[in-house]
There are 2 protein chains.
Amino acid sequence: MRATMIHAPRDIRFETDVPDPVVSRPTDAIVRVTTACVCGSDLWPYRGENPTTEPHTIGHECIGFVEAVGSEVSTVKPGDFVIVPFDHCDNTCAHCRAGMQSACVNVGMTVSGQGELAKVNQADGSLVKVPGVGAAGPDAALVPSLMALSDVMPTGWHAAVAAGVREGGTAVVVGDGAVGLCGVIAASQMGAEKVVLMSRHESRQKLGTAFGATHLVAARGEEGEAAVMEITGGVGADAVLECVGTGQAMTTAFNVARPGSRVGFVGVPHGAEPPMRTMFSKNVGLAGGMAPVREYLPHLLDLVLAGTIDPGQVFDLRLPVEQVAEAYAAMDERRAIKTLLDVS
Amino acid sequence: MRATMIHAPRDIRFETDVPDPVVSRPTDAIVRVTTACVCGSDLWPYRGENPTTEPHTIGHECIGFVEAVGSEVSTVKPGDFVIVPFDHCDNTCAHCRAGMQSACVNVGMTVSGQGELAKVNQADGSLVKVPGVGAAGPDAALVPSLMALSDVMPTGWHAAVAAGVREGGTAVVVGDGAVGLCGVIAASQMGAEKVVLMSRHESRQKLGTAFGATHLVAARGEEGEAAVMEITGGVGADAVLECVGTGQAMTTAFNVARPGSRVGFVGVPHGAEPPMRTMFSKNVGLAGGMAPVREYLPHLLDLVLAGTIDPGQVFDLRLPVEQVAEAYAAMDERRAIKTLLDVS
């Protein structure tokens, strides 16, 4: 197949002779990818923050048509158009039944999502069919939002769940990347009365407002924290979504959280240490991790199909997959919030 | 007054010429202490882990009779027998109204609790009168459990609240000190179906069982964690109360927590860093801090007066306050779980 490979930091190549993934277990499926995208976490190896010891396929967000299924797969069949959660799960184990599918005992990950074919472990437990889609694929206008359901929208949703966003409360979103913007959607959908987005980029502010942010704070550091405290009447936020993953963002998150609240985090930690003393003295908790995509997916798909949410707007650059190297560069240089890739 | 002073590590003295605390603000009260005790956190300066730069009174857990009140105090009067929460609060600010009185904007602390007189800021918001107590003081059999309501029982309760103990779930208590044992009471009262106490001391195991522990795990480290995993059917605990405060205890707590659960912590952090990667990969949160004693006190007092709980059993040594130095030594050397001091 044709697929994206990473060879070394900043060395992303779209190659034409990558071995096809195949059904090797009765619970597997192969998905023919129509649309993919680049994740913020793909930038860690791109930037060399995570090592790349040998060339391998990359990309864990995709949607497409089921191409083949193993003998035990019963809920999807070749030709179905599906959302592929980046983290695969059997959806039957104790962790899945408790809504924490990202800790499934049979957890798997998409590893060739930016290619023509992606292998899915535990197809029955993972894949969610989009109803009413024929061989021509979904309505073009829906594609970006369906694409967002593979990872970024459920991840923003998870940040809000982990932070304990509740109706009538105040939610602060630290970070205006695609996850943070989806966190705004989530907090708004969950009924937060005030949704504060910390963002200093005008285009992202606009999108945040369209997604439901009621307040924007452009300042960072102490000045930004003071602005949030003022918005919250000096009390602090009832829930804080930390959607950056750096130490500075973590510090800001705890400083604006009201005593007794929680900070939700969803980025793979890279050097950010929770401030234990502040946590103790303020009684502010920290919760989060890899999003259990499958848990949220049916509800989020309903919201997308009903036109209630439109997370696909986070894609402000769209390229043919052959230009995947530029897709990474644009995000790395912050020329794009998130890049959608047309694969087939 | 006569009161306990700390001069330096392991230098605890009961002195006879300590200045009396006085009402200096209209919201103050002075309490004549009848009973006090030594807290695990008193051992930090005793052991030199926290510096003592100059001699000062020590002790933050006490009960007794109101001796004097400021002009604005209206809910208690001289002669009332009261529980003194170690953390004082106005019980009217936004944090107090949200149940997080330990972050009150007017928070204060008892600082001469192991002495004859203790000053209480915000008397109206802090002190809880024990009903039906005459000048002779409370029923002798009740004294230890009333004493436990000043700090240790509400702190154990807070660990359970922070960990999210719920009816029918499994709670694991890491640590068999007085706080951990009170955490067992809390988890049991909150309806946990399995309450696992990690303890290797026979006397503490017995007390834990009397307090509601359904399972005891004597092993530590990996072996202990494996035992907990077996008790929880390989899934891990729905809630973990970390009642030690060391790095090893924190590691064990996260290792036995099921994905999606929370670790509750209530000890002042001393070098224990939460394992961010484990938190992320397992989606296990961390919450807790200084207990909002006043929030839980009315309910806990009801439980004590009804004979439903008897947290006073954590006191396995009782001494006249003049022997306070021995009270510290006994706890430091783990000859006593917790020492009660008769003051007047």
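The values are calculated or read from the model by the stated rules, or taken from the named source; none is laboratory data. Since we're looking at a predicted model, the values are computed, not measured. With ideal geometry, Cβ positions are generated from the backbone for all residues, glycine too; neighbour counts draw on all protein chains shown. All accessible areas refer to the heavy atoms of the entire protein, side chains included, with ligands and DNA or RNA removed. Shrake-Rupley method; radii C 1.70, N 1.55, O 1.52, S 1.80 Å.
Mind listing whichever residues of region A:142-164 are farther than 22 Å from A:Ala336 by Cα and open to solvent by 20 Å² or more (accessible area, probe 1.4 Å)? Result: A:Val161, A:Gly164.
In this structure, is B:Ala68 more than 14 Å from chain A (Cβ to nearest Cβ), among the hydrophobic types (A, V, I, L, M, F, W, C), over 21 Å from B:Ala148 (Cα atoms) and in a strand (DSSP E or B)? The answer is yes for B:Ala68.
Of all the numbered requirements in (1) in contact (Cβ under 8 Å) with a residue 60 or more places away in the chain; (2) closer than 18 Å to B:Ala291 by Cα; (3) open to solvent by 10 Å² or more (accessible area, probe 1.4 Å), B:Val107 misses one, and that requirement is (1). Of everything in region A:116-140 that is of a type in the set (A, V, I, L, M) and without any contact (Cβ under 8 Å) to a residue 12 or more places away in the chain, the residue that is most open to solvent (accessible area, probe 1.4 Å) is A:Ala136.
Filtering region B:122-130 for residues that are more than 14 Å from chain A (Cβ to nearest Cβ) and within 28 Å of B:Ala192 (Cβ to Cβ) leaves a non-empty set. The C-beta contact set for region B:275-302 (first residue without any contact (Cβ under 8 Å) to a residue 60 or more places away in the chain and over 12 Å from A:Gly288 (Cβ atoms), second residue among the β-branched types (Val, Ile, Thr) and open to solvent by 40 Å² or more (accessible area, probe 1.4 Å), distance under 9 angstrom, 6+ apart or interchain) comprises B:Pro275/B:Thr251; B:Arg277/A:Val268; B:Thr278/B:Thr251; B:Asp302/B:Thr308. Report yes if some residue within region B:270-280 is open to solvent by less than 10 Å² (accessible area, probe 1.4 Å), facing chain A (nearest Cβ under 9 Å) and assigned to a helix (DSSP H, G or I); otherwise report no. Checked region B:270-280: at least one residue is open to solvent by less than 10 Å² (accessible area, probe 1.4 Å), facing chain A (nearest Cβ under 9 Å) and assigned to a helix (DSSP H, G or I).
Just need a number here: residues in region B:1-40 that are closer than 13 Å to B:Val111 by Cβ, open to solvent by 20 Å² or more (accessible area, probe 1.4 Å) and outside any loop (DSSP other than H, G, I, E, B). Qualifying residue count, region B:1-40: 1. Going by what's in this entry, would A:Val73 be described as touching a strand residue (DSSP E or B) at 6+ places or on another chain (Cβ under 9 Å), in the same structural domain as A:Ala329 (by TED's automatic domain parsing), more than 30 Å from B:Ala239 (Cα to Cα) and in a loop (DSSP other than H, G, I, E, B)? When the stated conditions are applied, A:Val73 passes them. Going residue by residue through region B:76-94, is there one that turns out to be among the acidic types (Asp, Glu), open to solvent by less than 50 Å² (accessible area, probe 1.4 Å) and free of Cβ contacts under 8 Å to residues at least 60 places away in the same chain? Yes. Just one of the numbered conditions (1) open to solvent by 10 Å² or more (accessible area, probe 1.4 Å); (2) assigned to a helix (DSSP H, G or I) is not true of A:Val304: (1). Would you check if there is a residue in region A:245-255 being more than 10 Å from every other protein chain (Cβ to nearest Cβ), farther than 30 Å from B:Cys96 by Cα and of a type in the set (Phe, Trp, Tyr)? No, the conditions are met nowhere in region A:245-255.
From the list A:Val228, A:Val240, A:Val196, A:Val263, the one residue that fits, being crowded, with 23+ Cβ neighbours inside 10 Å, touching a His at 6+ places or on another chain (Cβ under 9 Å), in the same structural domain as A:Arg166 (by TED's automatic domain parsing) and in a strand (DSSP E or B), is A:Val196. Suppose we filter region B:199-225 for residues that are of a type outside the set (Asp, Glu) and either part of a loop (DSSP other than H, G, I, E, B) or closer than 27 Å to A:Asn106 by Cα (or both); how many remain? Number satisfying all stated conditions: 11.
Can you tell me which of B:Arg318, B:Arg334 is assigned by TED's automatic domain parsing to the domain that holds B:Val66, assigned to a loop (DSSP other than H, G, I, E, B), open to solvent by 10 Å² or more (accessible area, probe 1.4 Å) and not small (Gly, Ala, Ser)? Step through it out loud before you land on a result.
On the way: B:Arg318 fails: assigned to a loop (DSSP other than H, G, I, E, B).
Sole residue among the options that is assigned by TED's automatic domain parsing to the domain that holds B:Val66, assigned to a loop (DSSP other than H, G, I, E, B), open to solvent by 10 Å² or more (accessible area, probe 1.4 Å) and not small (Gly, Ala, Ser): B:Arg334.
A count restricted to region B:284-325 and to residues that are within 12 Å of chain A (Cβ to nearest Cβ) and aliphatic (A, V, I, L, M) stands at 5.
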